[in-house]
Structures are given as C-alpha cells and as structure tokens.
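Worksheet for the structure shown next.
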Amino acid sequence: MRESPSKSSLTSIPVHVLAASGAELATSPAKILEQWAAAGFPLPDQNFRYQAVDKNGNALRPIPYKQLELNASWESFDLKHELTDKGIKKFVDDYKSTLKSAA
C-alpha cells in the first residue's frame, strides 16, 4: 500500500499534475513529469481538493455556464479561440520534436 505523501512533497508538484492524477490521459512538459518522478510520484490523499487560485492565491474567474444544444452538429459550435490555436500549435510542435529526436 502506498503511503500518503507529505504536504511538503505535494507542494513541489504542479497542481495540474495532481489534479489530472486520476485522468486516463494528460499532457505535461517532460520537466514536470521528471520532477514528479524524482519525488517518487506522490499522489494526493482522498481529501485533496483542487483550489482554483492564481500564483498569488487569488480566486480564478469562473467560466460562465452556457447552455448548448447537444444534438446540434459539431460544425455549428464556435470553437475558435486564440488560446486554443496557440495550444494546438504548441502541442503539434512538441509532438513533432519528439519525432525528430527519435529519428
């Protein structure tokens, strides 16, 4: 049975890694995964709750709820956003770089 990690060991691991610890798939920079591995892959205990705060501890703005017609064609949804485009480009560039280094 894995011991519950100490709070201090968890604070050195970025919260997005901990929050995704139960996910089937998550992307993360290699340096973050290496840091997590070096710490022994600590996982939060059952009482862990994600705190939506910025680096200064201020609450993040809530994302407004929008009612969507889920039976509509996917083409009818406005998926365009500058940050989505940047994220997809970064993901593709990172993926391509792994192919180059493996060849």
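Before moving on, here are some points about what is shown:
- For the stretch 20-46, a residue qualifies if it is in a loop (DSSP other than H, G, I, E, B) and at pLDDT 85 or above, and the qualifying residues are Ala39, Gly40.
- Residue match in the stretch 80-88 (condition: of a type in the set (S, T, N, Q), free of Cβ contacts under 8 Å to residues at least 40 places away in the same chain and either in a loop (DSSP other than H, G, I, E, B) or surrounded by 10 or more Cβ atoms within 10 Å (Cβ to Cβ) (or both)): yes
The values are calculated or read from the model by the stated rules, or taken from the named source; none is laboratory data. Here the structure is a predicted model, which means the values were calculated and not measured. We place every Cβ from the backbone using ideal geometry, glycine too, and count neighbours over all the protein chains shown.
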